[in-house]
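A short write-up of the structure that comes next.
The values are calculated or read from the model by the stated rules, or taken from the named source; none is laboratory data. The structure displayed is predicted, hence computed values, not measured ones. Neighbour counts run over all protein chains shown; Cβ positions are idealised from the backbone, glycine included. Just so you know, the surface numbers come from the protein's heavy atoms only, side chains and all, with ligands and any DNA or RNA stripped out. Shrake-Rupley method; radii C 1.70, N 1.55, O 1.52, S 1.80 Å.
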Amino acid sequence: MTPDRQAAGAVLIRTLQEELGASVIQTPGEADFARHLRDFTNEAPQGLQLLGIAYPHTTEQVAHILRACHAANVPVTPQGGLTGIAGGAVPVVPSLVLSLERMRGIEELDTNARTMTVLAGTVLETVQNAAEEADLFFPLDLGGRGTAQIGGNAATNAGGNRVLRYGMMRDLVLGLEVVLADGTVVSSLNKMLKNNAGYDLKNLFIGSEGTLGIITRLVLRLFPKPRSAVTGLVAVADYAALLELLRAASSAFGATLAAFEVMWPEFYRLGTTALGRTPPLPEGHGIYVLLETLGTDPQRDETRFQEVIAELLDSGLLQDAVVAGSGRQRQELWAIRDCPGEFPKVGHWPQLGFDVSLPAGRIGDFVEHSRRLLQEHRPDLACVYFGHLADSNLHLSVRVPEQASPAEIEAIEELVYRAVGEWGGSISAEHGIGLLKRAFLHYSRSPAEMELMRAFKRTLDPKGILNPGKVI
Ligand code: ZN
């Protein structure tokens, strides 16, 4: 930003402060700026000067702020709970940060339509708990549930561990209210599952990471509360057996199958012995899978689960299995799958994470291919694979030498993303593009797709003020 633009920005912030009050528009020195300069894993560029931070309480205030920023050409970085790991909410240019954190609260819970209308800054866990109190269920769940905001979950089209059964955030949103770059409020607070009245506008904003508009209100889809949860950990010999297990489990459990979480041996070791836990199944198997069903009948569902596992053991498809007999055992099994949150405790841990997707049938070969590529590139890299296989989603964590330079890291990223592109996969399955993957987007999108995305961006944000430097 030129000194002129910076000065114009400062004048605008002062005007907004007079119009909306010093509590809504804060300037450097007033707010705790440091916490707005990073997400879960990424930091803003050193020395980046923010113009100010806006904490609007209402959609009208968001519209007021955007109208003024649009007129003055001042960039805006929208922020939710800052639990992302792709840098989507991290400011990269001098801009006004617009935090949705004061726009929180549940406005309506309609038990007939099975919907909940919420403000965008509402924390995910608050939404989950409110549904539970009404004897209903909001299925989106992820590690950042206590901090992540529902508007950010929609802006990034969050995934998580129950996508197999309930879909991604896109499938859980029925309606949205969005403020466009020029301050126009688009209210599309639909409550119906069926609505074919023209283009599906909400899906343009879900997953756009705040580059096309700022989500201020959502109508969420709720589900009947599951009455039973049965969880087991099983082991198979190899990837071919794993695909057979996915077919067998899908057919035996039908729609109740809610998790099919796959862990390769290095990951299993990290999640158990490396963290001081006794492995529930011995090491040495080819692949480990955490299976979970969510059903309607606690007694019958558990018996059925046990029967299916016993049959699969008898047939030789499963090499070993354990079924959780209590809530505590269930949590212990999930703790192994959720261990990436604990990686920093393991000393030198796999710190470079990838979130990609490939057709499920090709993931086993891709694991071997990418492992070979990375090892040929640098023999000192260690690879850890896991993922939501039924969703075609593979996570890869690479332990990179601590002294590796940014250029060396980029070479590793380039290697992995190019391979994903060549194999017909997506460089982002559930974490978004944000800042980190922008340079690699072309590996997963054709020139025509990229141009269509740019056309949307030009139409909805002609001056490019919304979340500059992100996505496209
Ligand atoms: Zn994941």
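Note the angle between two axes, namely the Cα long axis of helix 124-133 and the longest principal axis of the Cα atoms of the chain, as a number of degrees from 0 to 90, rounded to the nearest 10.
The angle comes out near 70 degrees.
Can you give me the three principal axis dimensions of the stretch 330-472 from its C-alpha atoms, in Å, biggest first?
Extents along the principal axes, in whole Å: 48, 38, 29.
At 7 Å along Cα-to-Cβ for each site, give me the label-to-label distance between residue 32 and residue 108 in nm.
It is 3.5 nm.
Please state, to two decimals, what the Cα-based radius of gyration of the chain comes to when divided by 2.2 N^0.38 Å (N = residues).
That works out to 1.02 for the chain.
In the stretch 407-472, with Lys and Arg counted as +1 and Asp and Glu as -1 at Cβ, which of these residues, 417, 433, 469, has the Cα nearest the positive end of the dipole, that is, farthest along it?
Toward the positive end, the furthest listed residue is 469.
Cα-Cα pairs above 19 Å in the stretch 293-351: how many percent?
On the way: 863 of 1711 pairs.
Roughly 50 percent, rounded to a whole number.
Once Lys and Arg get +1 and Asp and Glu get -1 on their Cβ, which of 84, 310, 295 lies farthest toward the positive end of the dipole of the chain?
Highest projection toward the positive end goes to 84.
Starting from the Cα gyration tensor of the stretch 254-334, take the square roots of the eigenvalues, sort them a ≥ b ≥ c, and report rounded, prolate or oblate (rounded when a/c is under 1.5, otherwise prolate if a/b is larger than b/c, else oblate).
Verdict is prolate for the stretch 254-334.
For the pair residue 349 and residue 377, what calculated FRET efficiency results from E = 1/(1 + (r/R0)^6), where r is the Cβ-Cβ distance and R0 = 22 Å, to the nearest 0.05?
With a Förster radius of 22 Å, E is 0.65.
Name the residue from 360, 349, 339 whose Cα lies farthest towards the positive end of the charge dipole of the stretch 328-369, charges +1 on Cβ of Lys and Arg and -1 on Cβ of Asp and Glu.
The listed residue farthest towards the positive side: 339.
If each DSSP helix of 4+ residues adds -39,500 (n - 2.57) and the sum is divided by the residues in the chain, what number results at 222 nm, nearest 500 deg cm²/dmol?
That calculation yields -10500 deg cm²/dmol at 222 nm.
Work out the count of Lys pairs in the chain where the Cα-Cα distance is under 23 Å, with the pair 8 or more places apart or on different chains.
Going through the chain pair by pair, I get 11.
Report, to one decimal in Å, the Kirkwood hydrodynamic radius for the stretch 259-396 based on all distinct Cα pairs.
16.4 Å is the Kirkwood radius here.
Place a point 7 Å from Cα of residue 134 in the direction of its Cβ. Which residues in the stretch 104-127 have their backbone N less than 13 Å from it?
Residues passing the 13 Å test: 106-119, 127.
Debye calculation, C-alpha points only, no solvent: report log10 I(q)/I(0) for the stretch 1-141 at q = 0.18, 0.19 Å⁻¹, in the same order as the q values.
Reported log10 I(q)/I(0), two decimals: -1.01, -1.08.
Taking a cut-off of 14 Å, what percent of all Cα-Cα pairs in the stretch 28-108 are separated by more than that?
Looking at the stretch 28-108, the distances longer than 14 Å represent 63 percent of pairs.
Give me the number: length gained by fully extending residue 449 to residue 225, i.e. 0.36 nm times residue separation minus the C-alpha to C-alpha distance, one decimal in nm.
Here the segment from residue 449 to residue 225 would lengthen by 76.7 nm.
Are there GluC sites (Glu not before Pro) in the stretch 243-307 that DSSP marks as loop and that have at most 12 other Cβ atoms within 10 Å, and which are they?
Within the stretch 243-307, the qualifying GluC sites (Glu not before Pro) (loop, at most 12 other Cβ atoms within 10 Å) are 283.
Let a ≥ b ≥ c be the square roots of the eigenvalues of the Cα gyration tensor of the stretch 1-48; is it rounded (a/c under 1.5), or, if not, prolate (a/b larger than b/c) or oblate?
oblate
Hey, got a sec? Which trypsin sites (Lys or Arg not before Pro) in the stretch 263-304 land in a DSSP loop and have at most 14 other Cβ atoms within 10 Å?
Those that pass, being in a loop and sparsely packed, are 277.
Rolling a 1.4 angstrom probe over the protein heavy atoms, how many square angstrom per residue are accessible across the chain?
Counting only protein heavy atoms, the per-residue value for the chain is 43 Å².
How far apart, in nm, are the 7 Å Cα→Cβ label points at residue 171 and residue 404?
3.3 nm
Quick one: compute the contact order of the stretch 111-168, relative version, from alpha carbon pairs under 8 angstrom and 6+ residues apart, as a percent.
After rounding, I find 36 percent.
For the chain, what is the relative contact order in percent, using Cα pairs closer than 8 Å and at least 6 residues apart in sequence?
16 percent
Place a +1 charge on the Cβ of each Lys and Arg in the chain and a -1 charge on the Cβ of each Asp and Glu, then give the dipole magnitude about the Cα centre in debye, rounded to the nearest 20.
800 debye
Which log10 I(q)/I(0) values, to two decimals, does the stretch 169-307 give at q = 0.09, 0.11 Å⁻¹ under the Debye formula with one point per Cα?
With one equal scatterer per Cα and no solvent, log10 I(q)/I(0) is -0.49, -0.67.
To test your reading of the geometry: what angle, between 0 and 90 degrees and rounded to tens, separates the Cα axis of helix 406-422 from the longest principal axis of the chain?
70 degrees
Taking only the alpha-carbon atoms of the stretch 84-164, what semi-axes of the equivalent ellipsoid follow from 5 times the gyration tensor eigenvalues under a square root, in whole Å, largest first?
Gyration-tensor ellipsoid for the stretch 84-164: 25, 15, 9 Å.
On the accessible surface of the chain, probed at 1.4 Å, how many percent belong to carbon and sulfur atoms? Write down the numbers at each step before the final one.
On the way: 10340 of 20300 Å².
Carbon plus sulfur share of accessible area: 51 percent.
Any chance you could give the angle, 0 to 90 degrees and rounded to 10, that helix 327-337 forms with the longest Cα principal axis of the chain?
On a 0 to 90 degree scale, this one is about 70.
What's the center-to-center distance, using Cα atoms, between the stretch 37-64 and the stretch 210-266 in Å?
After rounding, the separation between the Cα centres reads 34 Å.
Calculate the translational D of the stretch 109-255 in whole µm² s⁻¹ from Stokes-Einstein, where the hydrodynamic radius comes from the Kirkwood formula applied to all Cα pairs, the temperature is 37 °C and the viscosity 0.692 mPa s.
After rounding, the answer is 196 µm²/s.
How high is the relative contact order of the stretch 24-81, given as a whole-number percent (alpha carbon pairs under 8 Å, six or more residues apart)?
37 percent
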